[in-house]
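The values are calculated or read from the model by the stated rules, or taken from the named source; none is laboratory data. Note that the structure is a prediction, hence the values are computed from the model and not measured. Cβ: placed from backbone, ideal geometry, glycine included. Neighbour counts: every protein chain shown. Surface areas here come from the heavy atoms of the whole protein model, side chains and all, with no ligands, DNA or RNA. Shrake-Rupley method; radii C 1.70, N 1.55, O 1.52, S 1.80 Å.
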Amino acid sequence: MHGTQPGDPAKAAEAILAVAASPNPPSLLVLGSDAFNAFAAVAIAQRTELDQSASNPPAPG
């Protein structure tokens, strides 16, 4: 890391502390639009693969 990443470290810390104090925290915390967009792209690709495998299940065996 070069120290010039986008985002606000203070906001990130606030979000992390809020989640840690939450009675029902999420199982995943994605902070920042760059991270969100990257994670969303992976999730969409995985969902597409899952849908394709449901349509064409492998033969048993």
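Condition check ((1) at pLDDT 90 or above; (2) open to solvent by 100 Å² or more (accessible area, probe 1.4 Å)) across all residues:
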site	(1), (2)
2	no, yes
8	no, no
11	yes, yes
15	yes, no
22	yes, no
43	yes, no
48	yes, no
58	no, yes
61	no, yes
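Under 9 Å between Cβ atoms, which residue pairs at least 6 apart in sequence (or on different chains) link something in the range 1-23 that is on the phi > 0 side of the Ramachandran plot with a partner that is among the hydrophobic types (A, V, I, L, M, F, W, C) and open to solvent by less than 100 Å² (accessible area, probe 1.4 Å)?
As it stands, the answer is 7/31; 7/35, since those pairs meet every condition given.
Mind checking which residues of the range 18-32 are in a helix (DSSP H, G or I) and within 18 Å of the chain's Cα centre (by Cα)?
The answer is 18, 19, 20.
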